[in-house]
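Heads up: the structure comes next, in structure tokens.
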Amino acid sequence: MNDQTLVSDWGNESLIDVQILAVDDNPNNLKLLRSILSEKGVRFRLANNGEMALKSVQVSLPDLILLDINMPGMDGYETCQQLKKDPVTHDIPVIFLSSISEGADIVKAYQSGGVDFVSKPFLAEVLLARVTTHIKLSRVRRALLNENTERKRAEAAADEANRMKSNFLANMSHEIRTPMNAIIGLTFLALRTELDAQQQDYLHKIQSSSHHLLGLLNDILDFSKIEAGHLAIESIHFELGKLLDDMLVVTRDKAKEKGLAISCELSPELPQSLIGDPLRLAQILINYVNNAIKFTHAGSVSVKVKLLERKESTAKLYFEVQDTGIGLSAEQIGRLFCSFSQADASTTRKYGGTGLGLAISKSLAELMGGSVGVESTEGKGSCFWFTASIGIAMQQSELNACRVIPSANRYSNILAELSRHKGTRLLLVEDNELNQMVATELLRTAGFVIDVAEHGGIAIEKLQACAPESPYALILMDMQMPVMDGIETTQHIRQNSNWCHIPIVAMTANTMQGDSERCLAAGMVDFVGKPIEPETLWSTLLRWLPEKGPEQLFSAPFAALTQDSMLDLALPARIEGLNIKSGLRRVNQNTQLYRTLLKTFIQSQADIPDLIRSALDLGDVKSAERMAHTLKGAAANISAEGVQAIAEQLEMAIRLTLPRARIDEEITATAVVLKSLLLQLQQLVGADSPTAASHFVALPAEEMLLVYQNLLELLQTYDASATDYILTFDAALRSGLGANFTVIQHAIENSDFAKALTLLEDILATESS
């Protein structure tokens, strides 16, 4: 389309019934404008000065304003500025008219809010063309605004529907898992009693069917999360070898029942200490291996892991599961990895399944930056594979040779490890009678002494009545309970200096996204899902119970122990990323000094990733590098080896001026590892959360009012300097706004000034009421 056609098309815009306000102190100019525009059907309104123009728009809003500059009293510039200050008249297009056509005057006209400038004397054709153009633009803007409004309404309705569906799924999950926990737990306990062969067969079938139902429930929930875009991939430290060990433990018995050999082979160049989502990696592998076992009647199943590509801090891994099963035709392969789809209808009838497993695996692999695929020949077996981009946690010595992971009786090993805790006293907080029975019997089987509280209120009473010489070593906490739920109970316990050191493990049927984060945020140290798997529960206890048995721990009078000397008693067997023995050596075994260092680290380093990101946004690379270096040094002082290593990688990325996207990845990885460590340290030393308002010094009320007013003005005018302003007054705003500060800060950083303004106004209105 050429320029002439474009002008012609715009010129065809109808001006009939368009309201135009002409403002000029010269009556002759007003008459001329009226004669030109009236011919086009314009509804013409007049004003001979700025004050009259402002009154006129209050009566009825025009579609466009023609505004003279030089007028007595309020000139055109000031009139336009007043119009733009009022939200009601802000969007009315203003075309300036003037006999002055100096560059400075034209610039000032645009700065005042004008959309165009026409010099006097003007040509009728030029004036009409410009008026028509801006009327058209105004209509397009209004149409877009209406469309966006409707779209937002539709999005809000869709979000509400998704929220209702998520709530339904969460409730359904809880309601199904609670009786399922009783079925699986009581079956497990019944199998440990004296039974005849037929009874054992019945119970094994119940156990197998229960786990199958649980798998179907998990698939449906995962698919729903993926469909809604709510399934997030975690970034935590894990060991590749342990992940594969655990995968073999879960699948080995099924292979053994069918007489299949199962093995796992790792390439020698693979890094072992990684950062990623081990749960989702294992989920894909277990799905692949279970399918391989299901469709293989003789032969073997082998798992292989290879390194495709290695960069400074990431690795592209290749996983494959090879079987000697029935194989697939080309037509069947084409239907795989689609939701609710299997190879064909006969497969569903013969082998069962929902057809969601591979679709979920495909989505998970893609969320981890990878892909999936299959190679197969009908009657000769299949090879299912997937790739994933994984972070490298630390430089590790590489494996000397390919290795096959052997089978091991981990069940017996865990019970043997638990035997040294025989007699250790635990508090179970659980309202469901069947769940109480299952958990109590499981724990007593392992040698623990169990007290039961039906809800949080009773748990607090039991803690208050607990004899000093026989304290609770650990608390197992349900989340949904009457009177006082698990979150509130945990918060009460963490606020009491006598109990704050006791590890609290969540034990709940809530498995929707965010539940584990809520547990950790409240002060719990770990999360065990229901239905309870005995091995998972016992492994979690081993992770958090003190190394020594109770008869050794409390051989001295408990009341004589000081709060600082109790540090060792509060330590779990392992704390991810913190080498406590090394840290104590650094301070010559001075426990009190080490505790002080940990508290200082919590308070001084929590915001470092955000501050580094802000410094880079402002172009202050030197400060960003210095803060990364400081974090690395602070982590080294307390022997937080995981944070130290990842902070060093971040420091190097900034120093080498790598692409910003790459540096942002390093910042995110650092923030995840640091947050995980800080949550554990807070439970260890009883420190306040680093984001708590008490950490910051509040300004006097008059000064805070001024800070709020300035921020409100910046947000009301959509001023980008609001981002810098919240950094300048970070401490004061955190103190005044508390937990709401992070939400407002996030909105501002994402340029959502309207959301930030609404939040701030609501908070201030609540405080003033």
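The values are calculated or read from the model by the stated rules, or taken from the named source; none is laboratory data. Because the structure is predicted, anything quoted here is derived from the model rather than measured. Cβ placement follows ideal geometry from the backbone for every residue including glycine, while neighbour counts extend to all protein chains displayed.
Say whether the condition of being outside any helix (DSSP H, G or I) and polar (S, T, N, Q) is met by at least one residue in the range 170-186.
no
Listed here are the residues, each with its yes/no results for (1) modelled with pLDDT of 90 or more; (2) crowded, with 19+ Cβ neighbours inside 10 Å; (3) in a loop (DSSP other than H, G, I, E, B).
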residue	(1), (2), (3)
ILE233	no, no, yes
HIS237	no, yes, no
LYS256	no, no, no
VAL289	yes, yes, no
VAL301	yes, yes, no
LYS304	yes, no, no
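Of the residues that make up the range 262-277, is at least one part of a helix (DSSP H, G or I) and either outside the structural domain of SER382 (by TED's automatic domain parsing) or at pLDDT 85 or above (or both)?
Checked against the condition, which is being part of a helix (DSSP H, G or I) and either outside the structural domain of SER382 (by TED's automatic domain parsing) or at pLDDT 85 or above (or both), the range 262-277 yields no hits at all.
Does any residue in the range 310-330 that is in the same structural domain as LEU285 (by TED's automatic domain parsing) and assigned to a strand (DSSP E or B) come within less than 6 Å, Cβ to Cβ, of a residue that is among the basic types (Lys, Arg) and at pLDDT 90 or above six or more places away or on a different chain, and which pairs are these?
Filtered contacts from the range 310-330: TYR318/LYS306; GLU320/LYS304.
Between a first residue in the range 56-75 that is assigned by TED's automatic domain parsing to the domain that holds ARG43 and surrounded by fewer than 20 Cβ atoms within 10 Å (Cβ to Cβ) and a second residue that is part of a helix (DSSP H, G or I) and of a type in the set (D, E, K, R), which pairs have beta carbons less than 7 Å apart while being 6 or more apart in sequence or on different chains?
GLY73/GLU51; MET74/GLU51
Counting only residues that are farther than 26 Å from LEU684 by Cβ and among the aliphatic types (A, V, I, L, M), give me the helices (runs of 4 or more DSSP H) lying completely in the range 431-544 with at least 3 of them.
Once the helices (runs of 4 or more DSSP H) in the range 431-544 are filtered for at least 3 residues that are farther than 26 Å from LEU684 by Cβ and among the aliphatic types (A, V, I, L, M), what remains is 433-445.
All but one of (1) surrounded by fewer than 16 Cβ atoms within 10 Å (Cβ to Cβ); (2) at pLDDT 85 or above hold for ALA624; which doesn't?
(1)
Take PHE223 and decide whether it is at pLDDT below 90 and crowded, with 17+ Cβ neighbours inside 10 Å.
Considered against the rule, which asks whether it is at pLDDT below 90 and crowded, with 17+ Cβ neighbours inside 10 Å, PHE223 comes out as yes.
Identify the residue in the range 406-456 that is among the basic types (Lys, Arg) and at pLDDT 75 or above and, among all such residues, is nearest to ILE487 (Cα to Cα).
Per the stated criteria, the residue is ARG425.
Test ALA161 against the stated conditions and say whether it is outside the structural domain of ASP277 (by TED's automatic domain parsing) and at pLDDT 75 or above.
Judged against the criteria, ALA161 is a match.
Considering only the range 87-140, how many residues are assigned to a strand (DSSP E or B) and over 30 Å from GLU713 (Cβ atoms)?
Matching residues across the range 87-140 total 4.
Does LEU195 qualify as being at pLDDT 80 or above, under 23 Å from GLU533 (Cβ atoms) and surrounded by 10 or more Cβ atoms within 10 Å (Cβ to Cβ)?
yes
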